[in-house]
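Have a look at the structure below before the remarks.
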């Protein structure tokens, strides 16, 4: 009896440690998410740094949004240009639900309100998905583009549901809470967002392991063979699309809770483009890729947009570079190192990486200088700003800075090309070695 | 009748402008399978180039130089961008052009500012050509019609009477076979891409001052051009021509017909008041729905006839 209990306890401990070992990266990310706001806590005034909390909240929302988008582009091979529709409509549904709760229309604790957004997203995804998933590839992309534009145009036309240009305002403090939280402070909303992000990420990860997730991969890779196995690719696309809409709706609900207003911006094309950029830059081939993309883009959006008018140019250039040179995105680049890491040969790459760093930085510096000069000449001038590098004022009207920028870009580019070739040679050599070692073993 | 005739003429002008944009895209899409998102960006660049050139030199040089610049940019994009991405498949190519459109959009905002630029009709053409029922028909509209008609003839002759035109036509439907016969298909691709971009640039030159030259013009025009290409059908220039005209008429007539579904219901004796269910839907006048029509058409066509009017294969 006692032995049995001890056995159970040890197996539970072993189970826990093996869970921790398998998912240590996710657990670490969750820990960081929980602790990070407290690192910026202002103890003298006893309040949270609003900027950090709102940025972290946005990261959580965008993670769910990007992962739901990757259910289409990465896992099912469906390129959608209208994914913001489900974020936006989920958000509108949530805003109306919160308002109805306030008016006593129906009862739902605030913690469960994101489900309303999810169900809203799911409903619209079922309707639009029934139409769009009849086609695949380019035709599918065009239909989603059309649907996205249709819904965005409707958002400005119909005032009752969308509230026109002003959007729908709401109040998250109106409802009851399961934990007795008032949600007056943004940190409480942040922890709600973390909770729903964890739930959504886990569910989406789980979905990739179900037969549906596997069949979505199969239909992406070869839909004719998937048909031969006996599945209807259209049905697989439809179910995948609908579930993706559900999670985008949850992201929309979190958006509504966080900002307490849902406007045209949430359904419009730039938001759809955002999903594509985040997901693709992060990496479509790896489940966690979009998470990286969401973190990076939100960081850029909140950090760089304060410094520069042209941060979207950098995002666009990063996207183009990824499409042209690294179709696996950031996650793909990281995973390329996996065999070298396993063979314990990372040390061999350290020197080449160091050599490539200097010209790389030169190219980046030259490019940024040119872009900033350009933007200060027009947009900056219109806003009455001056271009300052620490204490040095740069006048975009003079030739000097432009020449420096061009020289940095061109010189660095040539240097980078040379070092890049060397890096490629070393990489090849290391890979060959690993192959040879494996072959011997 | 008066409204009808004027709108007919305006629709014709707009449709021909659309054809100038869509013809290049149809050729690119049919041959390379790439729905080029950056095509409307070329239209925008053409307008901005023309604005800058006409400010310093004059409108007439701009009419030639701006399209050539767009063509050059198109050739560079094809040779150094698309060809590299080609091996990663159609989705990568589509994403590449999407990223390009995104960057060009932002670059234009950075270079020329966020507000519309004062790109105006040249003074020589800024007078009334004739008037019907008291409405003046601007000489510039006649000029636009003339340019687009000339361009239509030029493309037609090029495609049917020259050797390269025949190769292009063959490559529209059977690109692999043309390559197997020993033609340099990548070079044909570059030529078509550059030519299409130049045509889009030309459309920008003559359309930018007729409409408005602003950073959002590419984004507004892009989906409409897609609709025309899909509606006309893959690999069919005549289909593209008809689709452009239909689109031009639809867009123009939607603006002038001040009716709403409620007026239709009134004909059969149903009165729509604020209390009627869906009153908001029913009382929206057609001009406001007009903006929705292209997208609606895009979805409906792709669903029920993916090969378009005269297409030879599905989109």
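The values are calculated or read from the model by the stated rules, or taken from the named source; none is laboratory data. Quick caveat, the model's predicted, so the values are computed rather than measured. So basically every Cβ, Gly included, is an ideal-geometry build from the backbone, and we count neighbours across all protein chains shown.
Miscellaneous remarks
- Some residue of the range B:48-65 being within 14 Å of chain A (Cβ to nearest Cβ), loosely packed, with under 14 Cβ neighbours inside 10 Å and not in a loop (DSSP other than H, G, I, E, B): no
- Some residue of the range B:195-206 being without any contact (Cβ under 8 Å) to a residue 40 or more places away in the chain, in a helix (DSSP H, G or I), more than 14 Å from chain A (Cβ to nearest Cβ) and surrounded by 15 or more Cβ atoms within 10 Å (Cβ to Cβ): no
- Residue check, residue A:140 within 14 Å of chain B (Cβ to nearest Cβ), touching a helix residue (DSSP H, G or I) at 6+ places or on another chain (Cβ under 9 Å) and either modelled with pLDDT under 90 or under 21 Å from residue B:226 (Cβ atoms) (or both): yes
Here is a yes/no grid of residues against (1) at pLDDT 85 or above; (2) more than 9 Å from chain A (Cβ to nearest Cβ):
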residue: B:69; (1), (2): yes, yes
residue: B:74; (1), (2): yes, yes
residue: B:81; (1), (2): yes, no
residue: B:119; (1), (2): no, yes
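- Test: residue in the range B:98-116 that is modelled with pLDDT of 85 or more and not in a helix (DSSP H, G or I): yes
- Identity of the residue in the range A:308-332, assigned to a loop (DSSP other than H, G, I, E, B) and more than 20 Å from residue B:77 (Cβ to Cβ), that ends up nearest to the other protein chains (Cβ to nearest Cβ): A:310
- Residue in the range B:156-165 that is closer than 23 Å to residue B:207 by Cβ, in a loop (DSSP other than H, G, I, E, B) and more than 22 Å from the chain's Cα centre (by Cα) present: no
- Residue, farthest from residue B:232 (Cα to Cα), within the range B:272-299, restricted to residues that are modelled with pLDDT of 70 or more, more than 9 Å from every other protein chain (Cβ to nearest Cβ) and in a loop (DSSP other than H, G, I, E, B): B:283
For every residue, the table says whether it meets (1) in contact with a helix residue (DSSP H, G or I) (Cβ under 6 Å, 6 or more places away or on another chain); (2) more than 22 Å from residue B:93 (Cα to Cα).
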site: A:290; (1), (2): yes, no
site: A:297; (1), (2): yes, yes
site: A:305; (1), (2): yes, yes
site: A:330; (1), (2): yes, no
site: A:333; (1), (2): no, no
site: A:347; (1), (2): no, yes
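- Filter result for residue A:150 (in the same structural domain as residue A:209 (by TED's automatic domain parsing) and surrounded by fewer than 24 Cβ atoms within 10 Å (Cβ to Cβ)): yes
- Extreme residue, farthest from the chain's Cα centre (by Cα), among residues of the range A:94-109 that are crowded, with 22+ Cβ neighbours inside 10 Å and closer than 18 Å to residue A:246 by Cα: A:97
- Any hit, the range A:126-133, residues being at pLDDT 90 or above and either at the interface with chain B (Cβ under 9 Å from one of its Cβ atoms) or crowded, with 21+ Cβ neighbours inside 10 Å (or both): yes
- For the range A:275-302, filtered to residues that are under 12 Å from the mean Cα position of the chain (by Cα) and outside any helix (DSSP H, G or I), the residue that is nearest to the other protein chains (Cβ to nearest Cβ) is A:284.
- If the condition is being part of a helix (DSSP H, G or I) and over 22 Å from residue B:156 (Cβ atoms), then the range B:23-46 contributes B:40, B:41, B:44, B:45.
- Only one of A:305, A:272 that is crowded, with 17+ Cβ neighbours inside 10 Å, more than 9 Å from chain B (Cβ to nearest Cβ) and farther than 25 Å from residue A:421 by Cβ: A:272
- Residue among A:91, A:148, A:118 that is farther than 20 Å from residue A:215 by Cα, within 12 Å of chain B (Cβ to nearest Cβ) and touching a residue at least 24 places away in the same chain (Cβ under 8 Å): A:148
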